[in-house]
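Visitor: One structure, as structure tokens, below. Some questions next.
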Amino acid sequence: MLNELSLPLNVVVFAIGAALVWFAGTKLSQYVDLFADRTGMGKAFAGALLLGGATSLPELATTITASWSGAAQLAGANLLGGVVMQIAVLALIDVAVLRGRPLTLFSPNSSLLMAGVLLIALVALASAAVSAGELFSFAGIGFWPVALFLAYVGSIWVIYRYEGDPRWQPRGEIAQPPESARDLKDAYQSAYESVSTKKLIALFFAASSVVLVGGFLVAKTGESIAEQTGIGQSFVGATLVALATSLPEVSTTYSAVRFGAYSMAAANILGTNSLEVALFLPADMAYRDGAIFDAMNPSDAFLAAIGIVVTGVYLWGILERRDKTVFGMGVDSFAVMVVYLGGLAIYWTL
């Protein structure tokens with residue numbers, strides 16, 4: 001039905017969906033942070049599993065829909081392009097919210113390094129799948145999607161175990177969040193003090209549902225807008241649709257950083273990106289014209305390579321924790337934006 005709307009109406013529906021995503025996404029960050037505090041669940045693990053899973057619902061809906069309709073190139077490029085896009089989100093949040101203090105200065109968490117290293121391994125495996133094509137399939141499901149999904153499950157288990165008993169801790173002074181962040185966190189903790197944990201879980205699922213609906217509207221109208229403007233399927237998947245389905249991550253990360261949950265904000269992005277790779281399994285199951293990796297363009301492996309580079313740059317920032325900025329953002333965030341924009345320019349020519 002959305003495909004039948006005119007371009008102006010698609011733009012209106014896109015804006016409505018984006019507003020729903022933004023409102024519910026900011027609530028999700030608060031609910032997950034409160035749940036982590038009450039249960040003792042690590043912020044990095046909560047961000048990677050709960051927040052990353054909730055904000056990936058639009059990607060799941062878009063991926064299955066695109067694959068079912070035969071747009072395997074769009075689905076695959078959206079997943080790999082989303083990895084790159086969402087690391088760039090951290091750079092944008094850096095300059096938009098902190099204004100002169102690098103985000104990685106406030107994230108001295110070894111669990112984030114573990115999550116980032118595992119993400120690099122997952123994306124490298126996806127790149128190998130794009131380059132090699134499908135090896136074999138059983139009951140219509142290829143080897144690579146199953147391997148990627150199992151690798152994702154294994155990575156979540158490793159993060160959970162590691163955060164419970166980290167092998168090392170960062171040394172040096174830990175930067176304190178700005179006063180405004182502490183004030184905001186105190187305010188919402190007071191506001192939800194009388195809310196039971198059971199009700200908090202119900203609110204989390206309600207907000208997740210709104211994110212799913214809003215994200216689906218944004219993704220579908222974004223796809224229609226792309227088709228109506230005549231841009232290529234792969235590039236659209238890597239840019240416009242990836243941006244549309246990244247709105248939940250933008251809103252939740254923005255909200256988390258505003259009230260000082262820096263490790264959770266970064267873990268949300270890293271966890272979402274890991275789940276992006278795992279979504280090749282439902283994409284392959286929905287795509288009925290063969291193996292999804294056989295239908296993807298070889299140039300999509302370049303997207304995976306850019307995802308590895310920007311993730312590596314962000315991990316460098318967490319390790320070094322330099323209190324220096326360029327144009328109002330951390331040096332690492334500036335490097336991420338340069339790689340992201342330069343990589344998209346090259347990808348356009350492939």
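The values are calculated or read from the model by the stated rules, or taken from the named source; none is laboratory data. Keep in mind that what you see is a predicted model, and the values were worked out from it rather than measured. In this analysis, Cβ positions are derived from the backbone assuming ideal geometry, glycine residues included, and neighbour counts consider all displayed protein chains.
Visitor: Residues that are of a type in the set (A, V, I, L, M), closer than 17 Å to ALA286 by Cα and either part of a helix (DSSP H, G or I) or at pLDDT 85 or above (or both): does segment 116-130 have at least one? Before you say what the answer is, go through the steps one by one.
Guide: Here is the first cut: in segment 116-130, the residues of a type in the set (A, V, I, L, M) are 117-126, 128-130.
Adding the requirement that they be closer than 17 Å to ALA286 by Cα leaves none.
No, because not a single residue in segment 116-130 is of a type in the set (A, V, I, L, M), closer than 17 Å to ALA286 by Cα and either part of a helix (DSSP H, G or I) or at pLDDT 85 or above (or both).
Quick grid of which residues meet (1) within 23 Å of GLY140 (Cα to Cα); (2) modelled with pLDDT of 90 or more:
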residue: PRO282; (1), (2): yes, yes
residue: TYR287; (1), (2): yes, no
residue: ALA295; (1), (2): yes, no
residue: PRO298; (1), (2): yes, no
residue: LEU303; (1), (2): no, no
residue: ILE308; (1), (2): no, yes
residue: PHE327; (1), (2): no, no
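Visitor: Which residues, taken from segment 321-350, are free of Cβ contacts under 8 Å to residues at least 60 places away in the same chain and either part of a helix (DSSP H, G or I) or farther than 18 Å from LEU303 by Cβ (or both)?
Guide: Step one: of segment 321-350, the residues free of Cβ contacts under 8 Å to residues at least 60 places away in the same chain are 326, 335, 338-339, 341-342, 345-346, 349-350.
Within segment 321-350, VAL326, ALA335, VAL338, VAL339, LEU341, GLY342, ALA345, ILE346, THR349 meet the criteria.
Visitor: Out of (1) in contact with a strand residue (DSSP E or B) (Cβ under 9 Å, 6 or more places away or on another chain); (2) closer than 20 Å to ALA129 by Cα, what's the single condition that is false for VAL277?
Guide: (1)
Visitor: List, please: which pairs have Cβ atoms under 7 Å, are six or more places apart or on different chains, and start with a residue in segment 127-156 that is farther than 15 Å from LEU80 by Cβ and end with one that is in a helix (DSSP H, G or I) and among the polar types (S, T, N, Q)?
Guide: Final answer for the pair search is SER155/SER274.
Visitor: Listed residues GLY53, GLY81, GLY17, GLY25; which is within 24 Å of GLY154 (Cα to Cα), surrounded by 22 or more Cβ atoms within 10 Å (Cβ to Cβ) and touching a helix residue (DSSP H, G or I) at 6+ places or on another chain (Cβ under 9 Å)?
Guide: GLY81
Visitor: With respect to the numbered conditions (1) more than 30 Å from GLU134 (Cβ to Cβ); (2) in contact with a strand residue (DSSP E or B) (Cβ under 6 Å, 6 or more places away or on another chain), which one is the sole condition not fulfilled by SER263?
Guide: Looking at each condition in turn, SER263 falls short on (2).
Visitor: Does segment 56-64 include one or more residues that are surrounded by fewer than 22 Cβ atoms within 10 Å (Cβ to Cβ), modelled with pLDDT under 80 and of a type in the set (Ser, Thr, Tyr)?
Guide: The answer is no, given that none of the residues of segment 56-64 is surrounded by fewer than 22 Cβ atoms within 10 Å (Cβ to Cβ), modelled with pLDDT under 80 and of a type in the set (Ser, Thr, Tyr).
Visitor: Still on this structure: Pick from segment 237-270 the residues that are at pLDDT below 70 and surrounded by fewer than 24 Cβ atoms within 10 Å (Cβ to Cβ): which of them is nearest to LEU80 (Cα to Cα)?
Guide: Of all residues in segment 237-270, those at pLDDT below 70 come to 237-245.
Next, only the ones that are surrounded by fewer than 24 Cβ atoms within 10 Å (Cβ to Cβ) stay: 239-240, 243.
On the way: THR239: 10, LEU240: 13, LEU243: 12 Å.
Filtering first and then ranking leaves THR239.
Visitor: Touching a residue at least 40 places away in the same chain (Cβ under 8 Å) and among the basic types (Lys, Arg): does that describe ARG101? I'd like the intermediate steps shown before the answer.
Guide: Working: touching a residue at least 40 places away in the same chain (Cβ under 8 Å): yes; among the basic types (Lys, Arg): yes.
Yes: the conditions hold for ARG101.
Visitor: Take residues that are among the polar types (S, T, N, Q) and tell me which of the helices (runs of 4 or more DSSP H) falling wholly in segment 1-78 contain 1 or more. Step through it out loud before you land on a result.
Guide: On the way: elements: 7-39, 43-46, 52-55, 57-68.
Qualifying helices (runs of 4 or more DSSP H): 7-39, 52-55, 57-68.
Visitor: Taking the condition buried (at least 24 other Cβ atoms within 10 Å of the Cβ), of a type outside the set (Val, Ile, Thr) and over 26 Å from ALA132 (Cα atoms), does ALA304 pass?
Guide: Working: buried (at least 24 other Cβ atoms within 10 Å of the Cβ): yes; of a type outside the set (Val, Ile, Thr): yes; over 26 Å from ALA132 (Cα atoms): no.
For ALA304, the condition - buried (at least 24 other Cβ atoms within 10 Å of the Cβ), of a type outside the set (Val, Ile, Thr) and over 26 Å from ALA132 (Cα atoms) - is not met.
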